[in-house]
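Scroll down for the structure; my scribbles are underneath it.
The values are calculated or read from the model by the stated rules, or taken from the named source; none is laboratory data. Note that the structure is predicted; figures quoted are calculated from it, not measured. Ideal geometry is used to build each Cβ from the backbone, glycine not excepted, and the neighbour counts take in all protein chains shown. Quick note on the areas: whole protein, heavy atoms, side chains included, nothing else; ligands and nucleic acids left out. Shrake-Rupley method; radii C 1.70, N 1.55, O 1.52, S 1.80 Å.
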Amino acid sequence: MFLQDTRSIGLVFWIVVVLMLFDAAVMFAGMASIDQVNIPDYVTDRSMYCLTIGVGSLLYAVIYAKNAHDVMSRKMTRVEVVRKYLMTVGLCTTAGGVLWALAEYLFTDQPENGLVIAVATIVAGAVILSISAVVANGKKGPAKKVAWGILLVAFAVMAVCALLPAENYWDYAKNISHLLIAFFMLAFITDFEVRKEMGVGC
């Protein structure tokens with residue numbers, strides 16, 4: 001019954017929101033005290049670096065919270081939940097990645113890292129948003145089957161990575177939330193109705 005109601009995964013999304021808010025709070029605290037957060041040795045402006053990364057985590061939490069609210073506030077099909085989750089991840093990857101890149105470029109002595117991060121996250125975000133668009137376009141075809149295959153592999157890898165050892169309790173909590181999300185998403189995309197809608201195995 002827990003899996004039957006797509007709103008159930010909204011609870012997991014809210015856990016991620018809380019974790020991201022905690023990350024943001026830690027980074028903001030790191031602006032004032034060197035003991036609050038570990039940052040790379042090559043950072044040249046600690047306060048601005050922590051502020052930029054903290055804003056990125058806060059923005060990440062806001063985007064995730066919007067998705068969590070939408071999923072819990074109304075009944076959605078499983079395909080709609082998958083699409084909204086992909087859109088959320090795509091937006092978070094792009095927005096958070098750009099701020100991370102700015103922090104690396106402006107406030108460290110290795111600005112080339114910022115350029116690499118910017119390109120990588122923008123490309124990754126664009127790919128994820130493109131897959132989200134394919135899932136939601138209402139058409140069947142090879143592109144949708146490829147998207148389904150990519151999602152299957154991606155969520156399986158997400159589940160495996162979530163089982164890796166955590167360095168602390170907060171990483172452990174993140175692993176649990178990501179494992180639950182991967183579990184839900186795998187259950188959703190392997191559902192008969194979802195596979196039928198995406199033209200896989202039907």
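Among all residue pairs at least 6 apart or on different chains, which show Cβ distances below 6 Å where the first residue, located in the range 119-148, is open to solvent by 50 Å² or more (accessible area, probe 1.4 Å) and the second is part of a helix (DSSP H, G or I) and among the small types (Gly, Ala, Ser)?
129/90
Look through the range 98-111, keep the residues that are without any contact (Cβ under 8 Å) to a residue 40 or more places away in the chain and surrounded by 20 or more Cβ atoms within 10 Å (Cβ to Cβ), and return whichever of them is farthest from residue 185 (Cα to Cα).
Among them, the one singled out is 104.
Quickly run through the range 104-146 and pick out the residues that are under 19 Å from the mean Cα position of the chain (by Cα), of a type in the set (A, V, I, L, M, F, W, C) and more than 25 Å from residue 197 (Cβ to Cβ). Let's see the steps before the verdict.
Taking the range 104-146 and keeping what is under 19 Å from the mean Cα position of the chain (by Cα), we get 117-136.
Still in the list and also of a type in the set (A, V, I, L, M, F, W, C): 117-120, 122-124, 126-129, 131, 133-136.
Correct list: 117, 118, 119, 120, 122, 123, 124.
Would you pick out the residues in the range 126-145 that are modelled with pLDDT of 90 or more and farther than 14 Å from residue 83 by Cβ?
Residues satisfying the conditions are 126, 127.
Those residues that are open to solvent by 40 Å² or more (accessible area, probe 1.4 Å), touching a helix residue (DSSP H, G or I) at 6+ places or on another chain (Cβ under 9 Å) and either in a helix (DSSP H, G or I) or of a type outside the set (Asp, Glu) (or both), I need them from the range 45-63; list them, please.
48, 51, 55, 58, 59, 60, 62, listed by residue number.
How do the pairs read when you match residues in the range 164-185 that are of a type outside the set (Gly, Ala, Ser) and surrounded by 14 or more Cβ atoms within 10 Å (Cβ to Cβ) with residues anywhere that are at pLDDT 85 or above and not in a helix (DSSP H, G or I), using Cβ under 9 Å and keeping only pairs 6 or more apart or on different chains?
What qualifies is 175/163; 175/164; 175/165; 179/163.
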